[in-house]
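For reference, the structure discussed in these notes is given below.
Values in this text are rule-based calculations from the coordinates and carry no lab data. Predicted model, so just to flag it, every value in this text is computed and none were measured. Don't worry about glycine lacking a Cβ; one is built from the backbone with ideal geometry, like all the others, and counts go over all protein chains shown.
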Amino acid sequence: MFERALAGDRKYWGLVVVLLAIVCTGFIAYLWQLKMGLRITGMSRDVSWGFYIAQFTYLVGIAASAVMLVLPYYLHNYKAFGRITILGEFLAVAAVSMCVMFILVDLGKPMRVLNVLLHPTPNSVLFWDMVVLSGYFLLNIVIGWTVLEAEKNTAPPPSWVKPLIYLSIPWAPCIHIVTAFLYAGLPGRGFWLTAIMAPRFLVSAFASGPALLILLAMILKKFTKFDAGTKPIQTLATIVTYCIIINVLFVFFEVFTVFYSQIPEHMRHFEYLFAGIAGYGKLVPWMWVSMIGMITASILLVIPAVRRNHATLALACVMVIVTTWIDKGLGLITGGFVPNPFDRITEYWPTTLELLISAGVWAAGFLILTILYKIAVSIKEELG
Amino acid sequence: MKTVDEKTVTMNRRKFLEITGVSTIVGLLGGWGLVELLAPGELEATYLPKKEALVAKRWAMLIDMKKITEQSAKKCITVCHRIHNVPDVGDPKREIKWIWLEHFANAFPGDEHEHMPERIEEERFFVMCNHCDNPPCVRVCPTKATWQRGDGIIMMDQHRCIGCRYCMAACPFGARGFNWGDYRFLIKDRNPEYPTREKGVVEKCNFCAERLAKGRIPACVEESEGAMVFGDLMDSQSELRKIMREQYTIRRKPYLGTNPQVYYMV
């Protein structure tokens with residue numbers, strides 16, 4: 001099947017070349033980081049995780065959202081999703097690949113990463129995150145590939161793949177729950193020490209992931225002969241609507257508990273993110289854009305006419321993706337580290353090199369996605 | 001006929017690879033398992049302290065802030081950083097420090113109030129790794145590169161650390177530092193008795209484990225001229241316990257449940 005990725009029109013190759021160029025730039029920047037150490041990033045003693053870990057966290061959500069296609073199709077026999085489950089599964093594969101790359105570029109000693117396997121440590125949430133992420137990667141690539149191959153041969157998928165599909169359904173939320181536990185179980189980090197972290201991760205993931213899938217389906221319709229159809233897009237839009245509203249609600253729950261209780265160790269982080277402390281407030285405009293945008297998107301999506309019109313739906317989806325990205329990919333990690341354990345402010349902002357490396361990882365992920373989608377779409381086109 | 005042959009050959013080759021692969025795994029696991037079964041723990045290195053070593057059931061430290069002046073504190077810090085090859089990075093954002101000074105409001109956030117004695121408000125407190133009895137850093141480390149010894153000391157294996165910095169996120173005391181770059185060349189006069197660290201690993205105070213092994217108390221305690229006491233918390237006859245019986249001591253953020261083992265007299 002892979003040969004289908006090697007034959008394409010000029011637009012396909014153009015995209016591949018552009019992505020490869022970004023990957024190469026990012027890789028060169030990474031070689032420099034390997035030589036110089038992580039001091040080329042904006043991270044510090046106080047903000048010891050930054051942009052890389054934040055991207056990782058956001059992308060785990062994107063990966064988990066594949067279940068929003070798989071579950072209705074396989075458990076509720078919702079046929080409309082049959083044509084596009086492959087898009088969800090391959091998006092999950094690309095997203096998990098990015099997650100792994102973001103973890104790798106964040107390590108001070110990447111050449112020692114196999115120590116995690118050599119000295120397995122079940123009390124570390126990071127160990128479990130490795131287990132669930134690699135499992136999820138394998139499940140999705142095996143399921144996606146096998147089902148697509150069967151479709152190509154116009155034969156039913158082999159029977160052994162069914163149990164794997166059922167396993168992949170509870171596995172998907174697990175990857176994001178475990179990722180939330182990375183943060184939510186640390187004493188002394190008031191911003192993260194909240195039981196709503198995992199639920200909030202899940203709903204923001206199930207809003208942003210399907211929103212991205214809607215956009216991807218629209219792009220595929222524009223540039224290829226593959227049309228996902230109106231019905232699945234509308235169902236996805238409903239999922240996005242419910243999840244983004246619940247996410248806004250969860251933010252409100254968190255804000256209520258933090259500010260009604262008035263416990264400084266929990267309030268200070270919100271103060272830093274949304275108002276700034278003592279003149280330090282690099283993230284303040286971003287956080288307000290995120291919150292206002294998220295609420296606006298929720299209101300827009302509730303209106304049926306907005307959802308039905310593909311142009312306005314696309315706009316709402318972009319808003320959901322951007323606002324949830326600011327929330328998780330920018331505010332969540334830095335907000336947890338500021339103020340530091342000494343109640344002091346050290347701000348964080350990614351450096352150009354850090355952003356180049358991140359762009360390289362994103363491009364590598366989208367390259368994987370492009371190739372996988374090319375294979376899937378070619379086969380779907382051949383079948384008509 | 002030819003196609004059939006080719007097919008048989010590929011099948012054989014595949015089968016061969018399967019068998020070698022599986023038997024390698026079984027061999028490795030089985031070999032290791034057999035040793036573990038016949039002589040449990042023998043594959044792990046065993047460690048016995050030398051005769052001259054100082055030993056305790058639970059090491060702990062007591063700092064009498066009334067006896068510490070800014071000058072004597074600086075001496076302790078300098079000695080610690082010199083003997084442990086702690087580099088002088090200069091940049092407070094990326095510096096490494098094993099022991100340093102913080103104001104009361106920063107060392108004990110939430111415990112300060114507006115009407116405290118000026119002496120305490122202005123005084124700067126020694127802070128370092130608390131060698132917690134319930135250490136979150138050890139709990140989160142994915143490689144056991146940081147671990148707790150039987151006597152309570154939290155150790156770091158800089159050869160195993162992958163530099164994920166999860167321990168730094170987990171530590172509620174900001175005790176851990178990361179080698180953001182190659183800091184070795186910043187060490188002015190290098191102590192050949194103690195290793196230096198590469199870029200990309202985490203480090204922190206080790207309660208002078210290397211000195212205890214040679215029968216010497218931690219360097220800061222030695223240098224503090226009686227302001228710091230180091231001893232066995234489990235030994236009711238130790239000087240540490242004697243002082244604790246008579247004086248009220250406080251700890252940093254005890255409500256987090258990490259059970260820190262550095263006690264302060266203010």
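Numerical summary
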{"quantity": "Shielding by partners, peptide B:153-161 (average Cβ within 10 angstrom, other chains)", "calculated": "2"}
{"quantity": "Relative contact order %, region A:242-378, counting alpha carbon pairs below 8 Å whose residues are six or more apart", "calculated": "22 percent"}
{"quantity": "Cα-based Rg and Dmax for chain B, where Dmax is the largest Cα-Cα distance (Å)", "calculated": "24.9, 99"}
{"quantity": "Top of B:Glu112, B:Glu122, B:Glu18 by mean-square fluctuation, Gaussian network on chain B, Cα under 10 Å", "calculated": "B:Glu18"}
{"quantity": "CD proxy at 222 nm, helix term only [per DSSP H run n ≥ 4: -39500 (n - 2.57); per residue of chain B; nearest 500]", "calculated": "-9500 deg cm²/dmol"}
{"quantity": "Shielding by partners, peptide A:113-124 (average Cβ within 10 angstrom, other chains)", "calculated": "5"}
{"quantity": "Candidate aspartates and glutamates - alpha carbon under 18 Å from B:Lys57, same-chain residues fewer than 8 apart omitted", "calculated": "B:Asp133, B:Asp151, B:Glu210, B:Asp232, B:Asp235, B:Glu239"}
{"quantity": "Relative contact order (%) - chain B, alpha-carbon pairs under 8 angstrom, separation at least six", "calculated": "28 percent"}
{"quantity": "Base-10 log of normalised Debye intensity for chain A (one unit scatterer per alpha-carbon) at q = 0.10, 0.11 Å⁻¹", "calculated": "-0.66, -0.80"}
{"quantity": "Inter-chain Cβ neighbour average for residues B:90-96, partner chain, 10 Å", "calculated": "4"}
{"quantity": "Shape of region B:57-133, Cα gyration tensor, a/c cut at 1.5", "calculated": "prolate"}
{"quantity": "Free-standing Cys, the protein assembly as shown [no other Cys Cβ under 4.7 Å]", "calculated": "A:Cys24, A:Cys99, A:Cys174, A:Cys243, A:Cys317, B:Cys80, B:Cys132, B:Cys141, B:Cys161, B:Cys164, B:Cys171, B:Cys208"}
{"quantity": "Highest-MSF residue in chain A out of A:Asn123, A:Asn340, A:Asn309 [GNM, Cα springs under 10 Å]", "calculated": "A:Asn123"}
{"quantity": "Residues whose placed amide H lies under 5 Å from that of B:Phe125, excluding near-sequence neighbours", "calculated": "B:Glu102, B:His103, B:Phe104"}
{"quantity": "Amide H partners (placed H, <5 Å) of A:Lys109, local residues excluded", "calculated": "B:Gly163"}
{"quantity": "Isotropic mean projected area of the C-alpha convex hull, region B:139-249 (nm²)", "calculated": "8.9 nm²"}
{"quantity": "Listed peptides B:96-106, B:126-136 by packing density, highest first (mean Cβ within 10 Å)", "calculated": "B:126-136, B:96-106"}
{"quantity": "Cα gyration tensor shape for region A:301-380, rounded if a/c is under 1.5, else prolate or oblate", "calculated": "oblate"}
{"quantity": "Region B:109-266 - percent relative contact order, Cα under 8 Å, separation 6 or more", "calculated": "22 percent"}
{"quantity": "Principal semi-axes in Å for region A:1-67 [√(5λ), Cα gyration tensor, largest first]", "calculated": "32, 20, 9"}
{"quantity": "Ordering of A:53-60, A:185-192 by burial proxy (mean other Cβ atoms within 10 Å per residue, highest first)", "calculated": "A:53-60, A:185-192"}
{"quantity": "Out-of-range pairs (alpha-carbon distance over 20 Å; input A:Lys79/A:Lys162; A:Lys109/B:Lys204; A:Lys222/A:Lys374; B:Lys50/B:Lys242)", "calculated": "B:Lys50/B:Lys242"}
{"quantity": "Long-range Cα-Cα pairs in the protein assembly as shown (distance over 40 Å), rounded percent", "calculated": "38 percent"}
{"quantity": "Lys/Arg +1, Asp/Glu -1 at C-beta; chain B dipole; positive extreme among B:Phe125, B:Val229, B:Ala213", "calculated": "B:Ala213"}
